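Down below is the structure, laid out as structure tokens.
The values are calculated or read from the model by the stated rules, or taken from the named source; none is laboratory data. Small disclaimer: the values here were computed from a predicted structure and weren't measured. Virtual Cβ from ideal backbone geometry, glycine too; neighbours counted across all protein chains shown. Heavy atoms of the whole protein, side chains included, go into the accessibility calculation; ligands, DNA and RNA do not. Shrake-Rupley method; radii C 1.70, N 1.55, O 1.52, S 1.80 Å.
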Amino acid sequence: MGTNVVKSEDCFFILEDFFEYKIKFANKPFLDLLGFDEVDKLTDLLSIKEQRDLVAVTLSKKSSFDFRCVLMANDRYIGALLRFSVVADTIYCHIEDYENDLNYIKRLQFENDRLSALIELTGTMMAEFDTDGKLTYATGSVVNRFDINLLQGGIVSSAFKGLIFREDRSKFVDFIKQPFLSSKTKTCELRLLCNDLYYWHKITAMGIFDSRGNLTRVLVKAEDIEAYKAKESVLKMKLSMDDLTKCYKKSFLVSQLSDVEVKGCLAFFDIDNFKGINDTYGHLNGDVALKSVAKICREVFSDDGDIVCRFGGDEFCIYSRFSSRDVFEYKIQLVQSRVTKIRIENCYPLSISVGIVVASDNLSYIQDLLDIADETLYFVKENGKNSYKFFDE
């Protein structure tokens, strides 16, 4: 960068507005300095929004202001001293060469490299977005983990499609729309694609605001919490499982389906004459009966979307999201057949009575299905037991 001293009286422009930072006039030395032939092309003299805001806020409080910055001039950077002054509601800016400040630019670059190095040494996965959602910076750990391409000039580009697990995308949209509170931070947990697999990450976002309270940047930190979520999942599973039968509890079924449109088939059943087993043959044999019936149900209904629950005592519920009526009926028949083959010492043969309901447009809430299946089961019990019946709307 060679010497290029610019005198204040030789180079100036006039601003039309404080905050819009629209240039109304620029003299020829100024245009020549920056390499433009007309003022309309000067869309962003100060490319960083925070710089423009600082100038606007300062000039709204005082009539003159000196501002040191870096300008792009004829495809090279120069360190410049901008001298703003307000005269009769007109905003003038004279430009002086700020020692043609290669050292100033180097100091800025040094601080940038220093902060980047500190972040990299901590191994923190961190990224920065502007207010348009453009990713402007990412640490090496982010680039490597999420296979992001770092382009020339520090602009980061990534194909975000597929990066967020499909079921978490609506959560991410809500997270983005959520305003920053007084702490200026917000968090959420998402599954993100890493090496062709999705892993849980905790996302912490911090807003960076200018002096007028406008959001200018968003810093995002990602933490791998897959191990934590795995332990949490195991704990939830244990809390959701019935210890005796290894079936889910009622609370699990209701929590999984309470906020979704229910499809498929649901059956509610109990073991015929179970009270007599406990009273006559003892609770140990009763427990054997419960475990044996539950094991058969889990084996027959083992496809994706199948949930086998113990509601309490000898009452069970089977939900199959993807089964048709015919397939579900066949599986219920199979369960009944296998239950009758259970042999418990000194105990009479087992059987079950089943009430079944098929979800439809008119029946798509889990509690409605449970109530109707229970009523249908009661009809079976009142008409001979050891059978099943579908509810007909």
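In region 155-167, which residues are surrounded by 11 or more Cβ atoms within 10 Å (Cβ to Cβ) and at pLDDT below 80?
Within region 155-167, Ile155, Val156, Ser157, Ser158, Phe160 meet the criteria.
Within region 262-310, can you find the residues that are among the charged types (D, E, K, R), in contact with a Leu (Cβ under 8 Å, 6 or more places away or on another chain), open to solvent by 20 Å² or more (accessible area, probe 1.4 Å) and over 21 Å from Leu369 (Cα atoms)?
Those that are among the charged types (D, E, K, R), in contact with a Leu (Cβ under 8 Å, 6 or more places away or on another chain), open to solvent by 20 Å² or more (accessible area, probe 1.4 Å) and over 21 Å from Leu369 (Cα atoms): Asp287, Lys291.
For Ser183, which of the numbered conditions (1) open to solvent by 50 Å² or more (accessible area, probe 1.4 Å); (2) modelled with pLDDT of 85 or more fails to hold?
With respect to (1) open to solvent by 50 Å² or more (accessible area, probe 1.4 Å); (2) modelled with pLDDT of 85 or more, Ser183 is out only on (2).
Tell me, yes or no, whether region 168-175 has at least one residue that is assigned to a loop (DSSP other than H, G, I, E, B), more than 30 Å from Val55 (Cβ to Cβ), within 19 Å of the chain's Cα centre (by Cα) and at pLDDT 80 or above. Talk me through it step by step, then tell me what you get.
Start the filter on region 168-175 by keeping residues that are assigned to a loop (DSSP other than H, G, I, E, B), which leaves none.
Checked against the condition, which is being assigned to a loop (DSSP other than H, G, I, E, B), more than 30 Å from Val55 (Cβ to Cβ), within 19 Å of the chain's Cα centre (by Cα) and at pLDDT 80 or above, region 168-175 yields no hits at all.
Hey, could you check region 97-122 for residues that are among the acidic types (Asp, Glu) and outside any helix (DSSP H, G or I) and say which is modelled with the highest pLDDT?
Result: Asp97.
Pairs please, first residue from region 63-90 and open to solvent by 80 Å² or more (accessible area, probe 1.4 Å) and modelled with pLDDT of 80 or more, second anywhere and in a strand (DSSP E or B) and of a type in the set (Ser, Thr, Tyr), Cβ atoms under 9 Å, 6+ apart in sequence or on different chains.
Cβ pairs passing all conditions: Arg83/Ser64; Arg83/Tyr92.
Name the residues in region 315-325 that are open to solvent by 30 Å² or more (accessible area, probe 1.4 Å) and modelled with pLDDT of 95 or more, would you?
Residue satisfying the conditions is Glu315 alone.
Give the residue, chosen from Lys389, Lys331, that is open to solvent by 50 Å² or more (accessible area, probe 1.4 Å), of a type outside the set (A, V, I, L, M) and in contact (Cβ under 8 Å) with a residue 12 or more places away in the chain. Break it down into steps so the answer makes sense when it comes.
Values: Lys331 fails: open to solvent by 50 Å² or more (accessible area, probe 1.4 Å).
Answer to the check: Lys389.
Across region 223-253, which residue is farthest from Arg310 (Cα to Cα) among those that are open to solvent by less than 60 Å² (accessible area, probe 1.4 Å) and part of a loop (DSSP other than H, G, I, E, B)?
Filtering region 223-253 for residues that are open to solvent by less than 60 Å² (accessible area, probe 1.4 Å) and part of a loop (DSSP other than H, G, I, E, B), the one farthest from Arg310 (Cα to Cα) comes out as Ile225.
Results for (1) outside any loop (DSSP other than H, G, I, E, B); (2) touching a helix residue (DSSP H, G or I) at 6+ places or on another chain (Cβ under 7 Å); (3) of a type in the set (Ser, Thr, Tyr), shown as yes or no for each residue.
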{"position": "Ser255", "(1), (2), (3)": "yes, no, yes"}
{"position": "Leu266", "(1), (2), (3)": "yes, yes, no"}
{"position": "Gly276", "(1), (2), (3)": "yes, no, no"}
{"position": "Phe322", "(1), (2), (3)": "no, no, no"}
{"position": "Phe328", "(1), (2), (3)": "yes, no, no"}
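Given the criteria more than 30 Å from Thr139 (Cα to Cα) and part of a loop (DSSP other than H, G, I, E, B), does Ser302 qualify?
Against the criterion (more than 30 Å from Thr139 (Cα to Cα) and part of a loop (DSSP other than H, G, I, E, B)), Ser302 qualifies.
I'm checking my understanding of the structure. Among residues of region 349-386 that are out of contact with any strand residue (DSSP E or B) (no Cβ under 8 Å at 6 or more places or on another chain), more than 19 Å from Val335 (Cβ to Cβ) and small (Gly, Ala, Ser), which one is most open to solvent (accessible area, probe 1.4 Å)?
Taking the candidates together, the pick is Ser360.
Quick one: count up the residues across region 186-216 that are open to solvent by 30 Å² or more (accessible area, probe 1.4 Å), touching a residue at least 40 places away in the same chain (Cβ under 8 Å) and over 19 Å from the mean Cα position of the chain (by Cα).
The total comes to 4.
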